[in-house]
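Chemist: Structure incoming, see below.
The numbers here are math on the coordinates, done by the rules we state, and not lab data. Nothing here was measured: the structure is a model prediction, and the numbers come from that model. With ideal geometry, Cβ positions are generated from the backbone for all residues, glycine too; neighbour counts draw on all protein chains shown.
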Amino acid sequence: PGRVETPSSPQVSAARAGRLDPGGPGPSAGWNNHTCYGINWINRYYKSRTGREKRDSLQNALGDFNYSITKLPPDFPLMPEIRMYRGITYALMDRAGEAAADLQQAIRMSPGLVRAYNELADLYESKLGQRGKALETITEGLRHNPDVPSLQRRYTRLGGKLPYPEPVARPAPAVAEP
């Protein structure tokens, strides 16, 4: 950890370009601002010098992520990232159960969200001492993201055996009929 980067998925690029329209023009775009505020609060946490500043930064981050989750539609394109960041916040607050639930939800919503696998594996390995669960998480991440070096390194470090796990079958691209 150190500094939290803002998401860089295609959905985020669309959101930044103003092309996301989860329910027509209206307040949902403003509600998503709380996600960015939450990420900024996490960054402030890492820069904080005192326990009180750290605690306050995490409380503010959690409030902003909760606000986004309650105000935005469940199928909002950035919801997996919002859940992931709330999970990271819970982990920093030593609330492992809630962290795991949010990170698992982010993965279910978006199996390509590599950082969520890494964060969940960190939680299992470092905070809960469950190295086996960490390996299971990374294995599942590799099945959905077979060419990601961070998952590959983590897999071997956790004791995974080569070759890497078989990727989840992806649907063949549609072929236009003549």
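Chemist: Evaluate the Debye formula for segment 108-150 with equal point scatterers sitting on the alpha carbons, no solvent, and hand back log10 of I(q)/I(0) at q = 0.16 Å⁻¹, in q order, two decimals.
Modeler: With no solvent term, the Cα-only Debye profile gives -0.35.
Chemist: Students often check this: by mean Cβ neighbours within 10 Å, which of 148-156, 95-103 ranks highest, and how do the rest follow?
Modeler: Per-residue mean Cβ counts within 10 Å order the peptides as 95-103, 148-156.
Chemist: Then there is this: Cα to Cα, under 30 Å, and not fewer than 8 places away if on the same chain: which lysines meet these conditions relative to K54?
Modeler: K71, K127, K133
Chemist: How long are the three semi-axes of the equivalent ellipsoid of segment 19-170, in whole Å, if each is the root of 5 times an eigenvalue of the C-alpha gyration tensor, listed from largest down?
Modeler: 28, 21, 11
Chemist: Now for a different question. Of the peptides 136-143, 36-43, how do they stack up when ordered by the mean number of other Cβ atoms within 10 Å, highest first?
Modeler: 136-143, 36-43
Chemist: While we're on this one: Using Cα pairs under 8 angstrom and six or more residues apart, how large is the relative contact order of segment 82-178, in percent?
Modeler: 18 percent
Chemist: Can you list the trypsin sites (Lys or Arg not before Pro) in segment 30-75 that are in a DSSP coil and have 14 or fewer other beta carbons within 10 angstrom?
Modeler: R49
Chemist: I've got another one for you. For segment 48-103, take every pair of Cα atoms, bin their distances at 10 Å starting from 0, and report each bin as a whole percent.
Modeler: Taking all Cα pairs of segment 48-103, the binned fractions are 26, 50, 21, 3 percent.
Chemist: Also, quick follow-up: Residue-wise, which Karplus ³J(HN,Hα) couplings in Hz belong to segment 84-99, taking 6.51 cos²θ - 1.76 cosθ + 1.60, θ = phi - 60°, and x for glycine or proline?
Modeler: After applying 6.51 cos²θ - 1.76 cosθ + 1.60, I find 4, 5, 5, x, 4, 4, 4, 4, 5, 8, 6, 10, 4, x, 5, 4 Hz.
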